[in-house]
1. Given R₀ = 41 Å, what would the calculated FRET efficiency be for T328 paired with V124, taking r from the Cβ atoms and rounding to 0.05?
2. Gain in length, Q265 to D210, computed as 0.36 nm per residue apart minus the alpha-carbon separation, to one decimal in nm?
3. Near the amide H of E170, under 5 Å away, which other amide H atoms are found, from residues 5 or more places off or on another chain, if H is placed in the peptide plane?
4. Which trypsin sites (Lys or Arg not before Pro) from the range 147-231 combine a DSSP loop assignment with at most 11 other Cβ atoms within 10 Å?
5. Per 10 Å bin, what percent of the C-alpha pairs of the range 77-227 does each bin hold, from zero upward?
6. Using modelled amide H (1.01 Å from N, peptide plane; none on Pro or chain starts), what sits under 5 Å from the amide H of N326, excluding residues fewer than 5 places away?
7. About the Cα centre, and with charges only on the beta carbon of Lys, Arg (+1) and Asp, Glu (-1), how big is the dipole of the range 77-227? Nearest 20 debye, please.
8. Which ³J(HN,Hα) values, rounded to whole Hz and listed in residue order, are derived for the range 77-87 from phi using the Karplus coefficients 6.51, -1.76 and 1.60 in 6.51 cos²θ - 1.76 cosθ + 1.60 with θ = phi - 60°, glycine and proline given as x?
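Laboratory data are not the source of any read-out in this text; all were calculated from the coordinates shown. Every value quoted in this text rests on a predicted model; they were computed, and no experiment measured them. Every residue, glycine as well, gets a Cβ built from its backbone with ideal geometry; the counts of neighbours run over all protein chains shown.
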Amino acid sequence: MAVEFSSSRFLQMVRHGGRRLWCSEWSGLKWTWLVSVICAAVPSSSQIIKNRSFEGEPGKHKSPLNWYKCHHQSTPDTQPGFWEVTTPASDGETYLDLVTRGTFGPHAWTTEDIGTSVKLPWEVGAIYTFTMDLARSDQWGHDSWYGWVPYTNPVVLRIWAGWFECSRDEVIWESPIIEHTDWRTYEFTYIPTKPDMTYLIMEVDWAYPDSFYFGNMLIDNMTLSATFPEQECAFHMPNAFSPNNDGINEFFGPAAIECNFTSYQLSVYNRWGNLVFSTNDIDGAWDGTFGGQPQPMGVYTWMIRYTAIQRTLTEKTTEEHVLSGNVTLLR
């Protein structure tokens with residue numbers, strides 16, 4: 001029995017995993033000239049950011065779980081309940097605060113930052129969509145030998161991607177000046193241009209040039225989704241060939257392949273379903289013989305099995321695909 005797929009079974013297979021296949025020309029239930037496979041990843045709601053809602057034991061100079069400060073004068077806090085900050089969390093139980101400092105005190109002229117690692121590198125060309133809730137506290141402050149020091153001025157947030165822990169190698173986003181004291185959600189996108197970066201760094205900064213003042217920002221509920229660029233796996237399969245030593249169309253195989261395979265097999269069957277040719281070489285092609293003997297003219301069935309990398313937000317996996325069609329051997 002010859003090996004072939006009906007169009008309904010073929011499309012059902014392709015829809016699995018959220019991907020699309022189509023053919024520019026087909027005859028009956030068999031695919032002919034061009035089989036074009038589009039492997040397009042859909043947006044994912046999975047998280048690659050650890051502790052996106054900044055949960056942890058509230059405390060002064062305590063970073064949320066899985067987050068770390070990037071310099072010794074950075075002392076992030078897990079809120080609420082300290083430095084007079086009482087704003088409830090927008091998600092979960094706790095959130096992060098970062099501050100800027102003015103021109104006096106033991107940490108004068110400094111700003112705070114914090115970082116974390118991500119599960120997989122930021123992928124060049126992918127579109128990452130972030131949301132996060134930001135606010136300002138109008139109560140933040142503490143007593144000192146100078147008296148009461150309010151940290152209530154508005155600041156900006158800058159987010160970076162990095163190759164190393166705390167390195168700032170590409171700007172992801174810079175917020176507007178956050179003046180409001182209620183939680184508001186901000187959405188922004190990031191398209192990496194540098195490969196293999198695996199860190200996320202956030203820092204606050206003074207909002208105005210040459211201004212050094214005490215300010216704060218509250219940060220909570222970061223989400224991330226991604227859309228990955230389409231990967232096209234294109235096979236141009238001729239529907240006839242003529243191995244007659246005239247130098248034209250002597251071999252049968254894909255005329256063009258564009259795909260990032262992890263495995264590949266081309267098989268050809270005669271009309272009785274017997275295997276007459278098989279290769280795992282992407283450049284391999286059938287010369288119309290079996291066991292060194294020319295095969296008769298007629299219609300043969302071909303099948304391609306391959307696996308290719310499929311990308312989601314949290315992992316890379318491989319998925320098997322099967323394509324089939326007919327080819328006519330002419331002499």
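1. On the way: r = 43 Å, r/R0 = 1.05.
Using R0 = 41 Å, I get an efficiency of 0.40.
2. Details: separation 55, 0.36 × 55 = 19.80 nm, distance 6.44 nm.
Gain in length upon complete extension: 13.4 nm.
3. Long-range HN contacts for E170: A161.
4. Numbers: sites: R158, R168, R184; in loops: R168.
Passing sites in the range 147-231 do not exist.
5. 11, 38, 34, 14, 2, 0
6. W31, W302
7. Details: 7 positive and 23 negative charges, 43 e Å.
Around 200 debye, computed over the range 77-227.
8. 10, 9, 10, x, x, 9, 6, 6, 8, 10, 4
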